[in-house]
Amino acid sequence: MRILIPAYEPGEKLIQLIKDIQKNCRMEILIIDDGSGKVYSSIFKQAEILGATVLYHPKNLGKGKALKTGFQYLMNIGETEGVVCADCDGQHAVEDICKVAKETQLNDNAAVLGVRQFTGKVPLRSRLGNSVTRAVFSLCAGYQIYDTQTGLRGYPAAMLPWLCQIEGSRFEYEINILLKLKPSGYSVREIFIETIYEKGNKSSHFRPLVDSYRVYLPFVKYTASSLLAALLDFGLLLLFKSLFGQLWLAVLLSRGMSSVFNYSCNKNFVFDGKHKSSESAPKYFILVFVNMILNYILLSTILFSGVSLAFAKIVTEMILFSFSYVMQKKVVFAH
């Protein structure tokens with residue numbers, strides 16, 4: 001088994017990590033220099049002198065691409081025992097790296113995650129970021145993972161070809177792996193590890209806005225599609241209500257027209273676009289029918305309290321939003 005360390009502009013902690021791994025884990029080390037530049041060349045030369053294998057990217061391509069480079073290399077050399085991925089910034093205790101390695105050897109069809117408990121002095125953005133990502137991930141994937149952002153992960157050798165096929169080149173790549181694990185027939189093992197943060201988290205290259213967008217992209221696309229459909233539905237509801245005066249008819253026409261738009265967006269842009277319309281369309285429009293009934297019941301109930309139609313419509317859509325996503329993920333567009 002080998003340890004794979006993607007590294008971009010690493011400090012001396014990488015050298016200490018290599019020494020600690022060699023002393024305690026006795027595993028071969030593979031490092032990917034993700035375009036760090038000449039300033040950091042001495043660090044990687046020291047790593048090579050210590051016995052680590054170093055592969056170089058001519059420019060920064062992102063953590064996801066660095067991991068894929070490592071996975072492809074391991075496939076090429078015929079790795080049979082699996083790989084443990086660890087960060088280069090000293091945020092993983094060597095004892096935990098060894099723990100993940102041992103657990104990986106015992107699970108030939110599961111990804112092993114070293115999950116942090118986020119106790120003690122944890123930076124607010126890390127604690128908050130993990131909580132938000134965990135909630136969004138649970139909604140998107142349909143199952144929970146305690147630490148979706150952990151960089152300490154073990155993969156059996158049989159998963160290497162699959163890992164190379166997962167989309168993403170930066171931080172979103174690791175979230176995409178988690179999203180596709182169970183649909184692809186793999187399982188997840190979580191083991192608790194020590195939570196370590198350097199003061200100010202200076203070595204992190206995570207860009208809060210850009211990389212958070214990439215991480216949350218699957219949910220962002222669904223939200224955008226739903227928002228556009230909701231705006232269309234909202235406008236048509238007001239139009240048909242003013243034209244015909246009947247709430248039930250306005251709901252029927254507006255939801256029918258907006259649902260055709262929403263189905264097309266979700267099939268082609270939100271989910272993978274590979275589902276046959278003959279299979280997904282009937283299930284989708286059954287869901288639309290169920291949503292339509294629920295929409296009418298909720299609208300009528302909320303309107304009974306004396307609020308405006310516009311306010312009642314907004315509240316109704318918020319209630320049905322998560323229900324619709326889960327049903328589409330698990331039933332309509334399920335693999």
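The values are calculated or read from the model by the stated rules, or taken from the named source; none is laboratory data. Just so it is clear, the structure is predicted and the values come from calculations on it, not from any experiment. Positions of Cβ are backbone-derived with ideal geometry, glycine not excepted, and every protein chain shown enters the neighbour counts. In case anyone asks, the SASA skips ligands and DNA or RNA and just uses the protein heavy atoms, side chains included. Shrake-Rupley method; radii C 1.70, N 1.55, O 1.52, S 1.80 Å.
Considering the stretch 45-58, the residues that are open to solvent by less than 30 Å² (accessible area, probe 1.4 Å) and of a type in the set (A, V, I, L, M, F, W, C) include one that is nearest to Val100 (Cα to Cα), namely Ala52. Taking the stretch 45-56 as the range and being over 15 Å from Thr69 (Cβ atoms), in contact with a strand residue (DSSP E or B) (Cβ under 8 Å, 6 or more places away or on another chain) and outside any loop (DSSP other than H, G, I, E, B) as the test, the residues that pass are Ala47, Glu48. Counting the residues of the stretch 239-258 that are closer than 15 Å to Ser300 by Cα, hydrophobic (A, V, I, L, M, F, W, C) and surrounded by fewer than 19 Cβ atoms within 10 Å (Cβ to Cβ) gives 4. The set of residues in the stretch 37-69 being touching a Pro at 6+ places or on another chain (Cβ under 7 Å) and not basic (Lys, Arg) consists of Tyr40, Ile43, Ala66, Leu67.
Residue-by-condition table, conditions (1) open to solvent by 40 Å² or more (accessible area, probe 1.4 Å); (2) out of contact with any His (no Cβ under 7 Å at 6 or more places or on another chain); (3) without any contact (Cβ under 8 Å) to a residue 60 or more places away in the chain; (4) not in a helix (DSSP H, G or I):
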| residue | (1), (2), (3), (4) |
| --- | --- |
| Leu30 | no, yes, yes, yes |
| Ile43 | no, yes, yes, no |
| Asn60 | yes, yes, yes, yes |
| Leu67 | no, yes, no, no |
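Residues in the stretch 69-86 that are surrounded by fewer than 17 Cβ atoms within 10 Å (Cβ to Cβ) and of a type in the set (Val, Ile, Thr) were compared, and the one that is farthest from Val100 (Cα to Cα) is Ile77.
Can you confirm whether the stretch 263-272 contains a residue that is touching a Lys or Arg at 6+ places or on another chain (Cβ under 6 Å), open to solvent by less than 30 Å² (accessible area, probe 1.4 Å) and of a type outside the set (D, E, K, R)? Yes, the stretch 263-272 contains at least one residue that is touching a Lys or Arg at 6+ places or on another chain (Cβ under 6 Å), open to solvent by less than 30 Å² (accessible area, probe 1.4 Å) and of a type outside the set (D, E, K, R).
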